[in-house]
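Notes to accompany the following structure.
The values are calculated or read from the model by the stated rules, or taken from the named source; none is laboratory data. Worth saying up front: this structure is predicted, and the values here are computed from it rather than measured. FYI the Cβ positions are ideal-geometry reconstructions off the backbone, even for glycines, and counts take in every protein chain you see.
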Amino acid sequence: MAEDRHTPVLSLRDAQLRFGERVLWHGLDLDVEPGEFLAVLGPNGTGKTSLLKVLLGQHTLYRGTAEVNGRSVHTGNPAIGYIPQQRGIDQHTPMRGRDLVRMGIDGHRWGTGWPSRGRKQKVDELLDAVGAGSYADAPAGTLSGGELQRLRVAQALANDPSVLLCDEPLLSLDIHHQKIVAALLHEQRVTRNTAVVFVTHEINPILPYVDRVLYIVGGHFLVGTPAEVMTTESLSRLYGSPVEVVRVGGRLVVVGGEAECVDHHVHEDELVPDRGAI
């Protein structure tokens, strides 16, 4: 039986995540539709990466529910493609570019999997889709940050996921490569109807593609279109102090009040969620 095309790809209801006494966010109701591009913004330590970990089944909500394609979240869900933060690879690694992409197909198996014509064709198609065919056989450790992120996008698309979870995928990339990766993700969601949940500190590189914004600050959040959320009035209410949103050279800049100093020192990977009774 085919899935109801109106079923949200992602759905959270009355969702609360907390680490001990510290509530990252609560009362979160959110549906993400097929092909939608959702940007997740906010200062460090407010629960952006932790939201992705909830959807990946790595964190458990304290209260509420989280579903992917109408089913409760769980680890190893092939309906989810995950693009981690940009990070380098040791220059001496024997792995090639295409080997990174193949891991998206064989990553759940022990080893790299037996070579096959079908698997090679799938990898070649993914490499072509992200424009990485020219360096597919180059040692991964010699590739630039932008080239590696293209490969990680291909890896995340290997199982034709319903949703791409992107954790700061533009971090440490120059503006040129930020635009390339952002446009690539947009192209994939248009051609494959894949939803994109994009965690970032910087909305400008993806602003042309964003349908809605989830902005999280101090346990509270705001959801809406960029025109609704990215305003002086909306963010001042969310931060609880004066914040100004200005356009400088066509870019959105958030300045003033607590926007520049809210809890930038806590890394979410250092925290353990309080599981509660759910």
Task: Residue tally, condition part of a loop (DSSP other than H, G, I, E, B), among the charged types (D, E, K, R) and buried (at least 19 other Cβ atoms within 10 Å of the Cβ), over the stretch 48-102 - done: 0
Task: Filter result (surrounded by fewer than 18 Cβ atoms within 10 Å (Cβ to Cβ) and among the β-branched types (Val, Ile, Thr)) within the stretch 117-170 - done: 142
Task: Top-ranked residue of the stretch 185-240 - restricted to ones that are hydroxyl-bearing (Ser, Thr, Tyr) and assigned to a loop (DSSP other than H, G, I, E, B), ranked as nearest to residue 10 (Cα to Cα) - done: 194
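Let's see how each residue does on (1) in contact (Cβ under 8 Å) with a residue 60 or more places away in the chain; (2) of a type in the set (D, E, K, R):
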{"position": "18", "(1), (2)": "yes, yes"}
{"position": "24", "(1), (2)": "yes, no"}
{"position": "60", "(1), (2)": "yes, no"}
{"position": "73", "(1), (2)": "no, no"}
Task: residue 273, sole failed condition from (1) under 18 Å from residue 52 (Cα atoms); (2) touching a His at 6+ places or on another chain (Cβ under 8 Å); (3) modelled with pLDDT of 90 or more; (4) not hydrophobic (A, V, I, L, M, F, W, C) - done: (3)
- [ ] Could you figure out which of (1) crowded, with 17+ Cβ neighbours inside 10 Å; (2) modelled with pLDDT of 90 or more isn't true of residue 187?
- [x] (1)
Open item on the list: Please go through the stretch 241-257 and give me each residue that is more than 28 Å from residue 16 (Cβ to Cβ) and part of a loop (DSSP other than H, G, I, E, B), ordered by number.
Closed with: 242, 249, 250, 256
